[in-house]
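See structure below.
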Amino acid sequence: MKQSNLDKTDVSRLKKLGVTSYLDLALLLPKSYENSFLNQTPALNQKNTIQVKVIRSTYSPKALSLRFYCQTWDEEIGGVIFSAKPYHRAMFKVGSELSINGKVEWQNGRLSIIQPLIITELNKLTPKYKTSLQNKTVIGLMDKYLSVAKLQEEGLREEEAEIIYSLHKPSVQKAIELERGYSEKILHVIKFVEIYNYLKILKKKKIFFESKNQLNSDESEFVNSLPFTLTKDQKKAIIDIKKDFNSQKATRRIVMGDVGCGKTMVILASVMMCIPKKAVLMAPTTILANQIFEEAKKFLPLHVRVGLVVQSSSKKEDLNAFDFIVGTHALLYRELPEFDLVMIDEQHRFGTKQRELINQLSVIESKHPHFIQFSATPIPRTMSMIQSELIDFSFIKETPFEKDIDTKIIHKNDFKKLIEHIKAEIKEERQTIIIYPLVEESEVIEYQSIDEGRSFWEKNFENVYVTYGADKNKEQVLEDFRKSGNVLIATTVVEVGISLPRLSTIVIVGAERLGLASLHQLRGRVSRNGLKGYCFLYTNQLESKRLEDFSTCKDGFEIAELDLRYRKGGDVLGGTRQSGEKFEFYDLEEDILREAKKRLGA
C-alpha cells in the first residue's frame, strides 16, 4: 500500500487503524451486519427488519415493555428493551410508525422482538466495524481501497481473496449466515491470511548487515581434543554457525537449547572459529560469567588468552591482551578491543537495548560483528518457525548426560517423608534447594514466605543458606552454598545460571503459581552431571492436570508447547513487533503456518 497512491486524509485514518497494507485492511473484519431489508415473513431466532406501529408502551427502570402491530405480517408482536433509558420511552411513543430491527423469537404464544433498534434507512446491508474511527469512515476506506485484485497483488489466491473480500460485502443471506459464525472454510482462510500477513511483515523487518570479516578458522582440532564426544545437536549447531561465519552477511542467530544441553561447548567452538580475531561473551550474572570463564580456561588451547570482566574487575587491565573476553553487563562500561564475534548467554535475561548496545560497540563503517544469542529457555516449535523470518535458529535438544529426575506432586501430608528424603540426601553429601514464592509474608498468597519458613530449616539442618532477588550478596551466597551448603532457601533467583554438581533435590512451594517453562528451568538445576535427581512440586491444590502433565514430561521443547496450550496462545509473539502481536483467529496451527511460509518462499 504505497502512501503516494492514498488520499492525504486517508493516510492519517489508516495509521490510526494500524493499517499498512491491503491485507491489514482486509483483516479489519466486521463484527456484525445491520440488515435493513424488510422481512416479508418472520425469520425466527435471527434479526428481522419490519415496519410497525407502537400500540402499547409500559416503562419501568428495569425494562421498557412494548406491543407493536406489523401490517406486513398481520401480527401483534411483543417487544422489550432491557435497562431502558428515558429516551427509549420518547423514541417508542404509542402511535409512532417505525422501522425496527432486532432478534425475533417465539415467546409465551406470540412473536417477540428483543432489544429493537430504530432503522432510518431501509433496504441496505451495513457492516459494523469496531474501531477508533466512525463506522461510515471505515466503510468509506473499504470502498475506496479494498478489492479482490489488490488482495491478489498481496499474494492471495483468487478464491482466498474473494472469500476475505466477501466478508466486507456479503449478500443479505450470506450476512445472516455470518452472524451465526464463520464456516470452517472461511475460518481457515482468515487464519491463513493472518499468519501470512504477519510473516510478510517480519520478512520486511529482517535486516542484513555486511560482516566485518569472514571467520573461517578450523575448530575441529579443538572439538577432537575434548575429553567427551559432542552430541549430534551440538555438532549441528556448530555446522550452522560455521556456515554463517563464512558468509558476507553478519550472523544473527539464536542457539536454543534445553536445560543442561551443553551450550558452553558450542560457545567455545565458535571462539575457535573466530581466532585470530577476537570474541566477546556477555552473561547475565557474575556467577555465570565466572563459570564460562573457568570452562574456557579449562578446555580452550593454551594459546587462546581468556579474560574476565565483571563489576569487581580492575579497570586498569589491558583487554587488548585477550582473544576471548567473558563478562557481565560491566563490559558495556569498558574500553573493549575491536572484536568480530559477540555472544550473549541467557539472552532473555537482557533487555533489547543491552543486547544491541554490546553488538554496536564494534560496528565499523556499517560493518557488523557476527552476533549469536544463547538461551536455555526453549520456545514452542511453532513460535520459532514464525520468528525464523526475523532471525536464524539452531536447536540443541540432546543432553550430554541422560537426566534421571523423578518429579512428584506433594501436599502437606507428605512433608514428613520430604524431610526424611532431604536428610538422607545430605548424608550422601548431596544438596537441596527450597524455592519459596515470595520473601515476606503476604495476606494474598496462601503459602509461607522465606521469612516465615527459614527458621524451621535453620533449626533442623546445618549449613543452611538464604537468598532472593533483591539480596545484594546473592551471588556470593550461591557460591558459598555451592562449596559447603546443605540446604538453600531461595526464590526463583536460581532459575537460570549457577551449576551445582551436588544438587540432587529441588522443592518448589506453590508450584501451580509458576509457568511450566519456569518449573522446567528450576527442575533443570538438579542432575546436571547425571546425578539422580528429585523435583517436588508442593501445592495446596488437591488436583492439577497442568502439574500432572508437567511431572510426566522432561523435554523442554514439549513443555514449551504444553505451556502454550495451557495459556491458550494469547500475546505469544510480544517482542517480535514493537507493539506485540495478538492473533484474533490464528492459533499456531503448523499446517497453516507451513503453507504460508511456502507461499512466501521461506
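Descriptive notes on the structure:
- Condition met for residue 518 (at pLDDT below 90, among the small types (Gly, Ala, Ser), part of a loop (DSSP other than H, G, I, E, B) and touching a Ser or Thr at 6+ places or on another chain (Cβ under 9 Å)): no
- Checking residue 518 against (1) under 23 Å from the mean Cα position of the chain (by Cα); (2) closer than 27 Å to residue 286 by Cβ; (3) surrounded by fewer than 22 Cβ atoms within 10 Å (Cβ to Cβ); (4) in contact (Cβ under 8 Å) with a residue 40 or more places away in the chain, the condition it does not meet: (4)
- Within the stretch 404-417, being basic (Lys, Arg) and in contact (Cβ under 8 Å) with a residue 60 or more places away in the chain holds for 408, 412.
- In the stretch 565-589, residue modelled with the lowest pLDDT [restricted to those that are in contact with a Gly (Cβ under 9 Å, 6 or more places away or on another chain) and in a helix (DSSP H, G or I)]: 567
- Test for residue 420: is it assigned to a loop (DSSP other than H, G, I, E, B) and either within 25 Å of the chain's Cα centre (by Cα) or not aromatic (Phe, Trp, Tyr) (or both): no
- Complete set of residues in the stretch 356-395 that are touching a residue at least 60 places away in the same chain (Cβ under 8 Å), assigned to a helix (DSSP H, G or I) and within 30 Å of residue 601 (Cα to Cα): 381, 382, 383, 384, 385, 386, 387
- Lone qualifier among 279, 330, 283, 289 - being in the same structural domain as residue 345 (by TED's automatic domain parsing), within 32 Å of the chain's Cα centre (by Cα) and more than 20 Å from residue 263 (Cβ to Cβ): 330
- Test set (1) in a loop (DSSP other than H, G, I, E, B); (2) over 30 Å from residue 516 (Cβ atoms); (3) touching a helix residue (DSSP H, G or I) at 6+ places or on another chain (Cβ under 8 Å) - residue 398 fails condition number: (2)
- Residue ranges of helices (runs of 4 or more DSSP H) in the stretch 148-226 with at least 3 members basic (Lys, Arg): 184-205
- Search result, residues across the stretch 438-469 that are surrounded by fewer than 16 Cβ atoms within 10 Å (Cβ to Cβ), more than 23 Å from residue 410 (Cα to Cα) and of a type in the set (S, T, N, Q): 463
- Verdict on residue 401 being more than 29 Å from the chain's Cα centre (by Cα), surrounded by fewer than 16 Cβ atoms within 10 Å (Cβ to Cβ) and in contact (Cβ under 8 Å) with a residue 12 or more places away in the chain: yes
- Of all positions in the stretch 155-171, none carries a residue that is more than 30 Å from residue 34 (Cβ to Cβ), among the aliphatic types (A, V, I, L, M) and crowded, with 18+ Cβ neighbours inside 10 Å.
- With respect to the conditions (1) crowded, with 18+ Cβ neighbours inside 10 Å; (2) farther than 30 Å from residue 196 by Cβ, residue 25 lacks only one, and its number is (2).
- Selection from the stretch 418-437 of residues that are in contact (Cβ under 8 Å) with a residue 12 or more places away in the chain, surrounded by fewer than 16 Cβ atoms within 10 Å (Cβ to Cβ) and of a type in the set (A, V, I, L, M, F, W, C): 419
- Residue in the stretch 473-486 that is touching a Cys at 6+ places or on another chain (Cβ under 7 Å), of a type outside the set (Ser, Thr, Tyr), under 11 Å from residue 433 (Cβ atoms) and in contact (Cβ under 8 Å) with a residue 24 or more places away in the chain present: no
- Looking only at the stretch 143-154, and only at residues there that are touching a residue at least 60 places away in the same chain (Cβ under 8 Å) and over 17 Å from residue 29 (Cα atoms), the one that is surrounded by the most Cβ atoms within 10 Å (Cβ to Cβ): 154
- Candidate set from the stretch 204-228 (those that are within 11 Å of residue 250 (Cβ to Cβ) and not β-branched (Val, Ile, Thr)); member that is modelled with the lowest pLDDT: 208
- Taken across the stretch 179-197, residues that are surrounded by 15 or more Cβ atoms within 10 Å (Cβ to Cβ) and without any contact (Cβ under 8 Å) to a residue 24 or more places away in the chain do occur, with at least one present.
The values are calculated or read from the model by the stated rules, or taken from the named source; none is laboratory data. Keep in mind that this is a model prediction, so the values were computed, not measured. Glycine gets a Cβ as well: all are built from the backbone with ideal geometry, and neighbour counts include every protein chain shown.
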